Amino acid sequence: GFVPGLFGTSHGALQFMAYEDLKERYNKYRNRVSDTKLNTVEYIMMAAISKIFAVSATYPYQVVRARLQDQHNTYSGVFDVIRRTWR
């Protein structure tokens with residue numbers, strides 16, 4: 001479970017990257033300077049969308065990691081966990 005655990009550190013980076021990209025695109029769409037501050041509703045929307053993106057991209061690794069750490073099942077590696085989970 002160590003290697004999949006390391007993959008989990010990318011969650012925050014993906015969320016931050018998505019948030020900044022969404023904010024820049026939104027401000028461009030609204031014909032505003034790219035570093036214009038968002039109002040509260042805009043901020044919440046950008047944060048929620050970026051969180052959904054980050055969770056969607058990184059959640060499957062959490063299933064693999066948890067199954068690898070499960071003491072009641074024996075797996076031969078990450079690909080075995082993925083194959084048996086998919087099945």
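Being of a type outside the set (A, V, I, L, M, F, W, C) and in contact (Cβ under 8 Å) with a residue 40 or more places away in the chain is the filter; apply it to the stretch 15-65 and report the residue that is least open to solvent (accessible area, probe 1.4 Å). If we take residues in the stretch 15-65 being of a type outside the set (A, V, I, L, M, F, W, C) and in contact (Cβ under 8 Å) with a residue 40 or more places away in the chain, then T58 is least open to solvent (accessible area, probe 1.4 Å). Taken over the stretch 10-30, the criterion of being part of a helix (DSSP H, G or I) and farther than 21 Å from Q62 by Cα is satisfied by Y19, E20, D21, L22, K23, E24, R25, Y26, N27, K28, Y29. Scanning the stretch 74-87 for residues that are modelled with pLDDT of 80 or more and outside any helix (DSSP H, G or I) yields T74, Y75, S76, R87.
Can we say V33 is out of contact with any Asp or Glu (no Cβ under 9 Å at 6 or more places or on another chain) and not in a helix (DSSP H, G or I)? In short, yes. Every test in (1) touching a Gly at 6+ places or on another chain (Cβ under 9 Å); (2) open to solvent by 100 Å² or more (accessible area, probe 1.4 Å) is passed by F79 save one, and that test is (1). Would it be correct to say that L68 is outside any helix (DSSP H, G or I), open to solvent by less than 80 Å² (accessible area, probe 1.4 Å) and out of contact with any Asp or Glu (no Cβ under 8 Å at 6 or more places or on another chain)? Answer is no for this residue.
The values are calculated or read from the model by the stated rules, or taken from the named source; none is laboratory data. Predicted, not measured: the structure shown is a model, and the values here were computed from it. Positions of Cβ are generated from backbone atoms using ideal geometry, with glycine treated the same way; all protein chains shown enter the neighbour counts. Accessible surface is based on the protein model in full, side chains and every heavy atom, while ligands, DNA and RNA are left aside. Shrake-Rupley method; radii C 1.70, N 1.55, O 1.52, S 1.80 Å.
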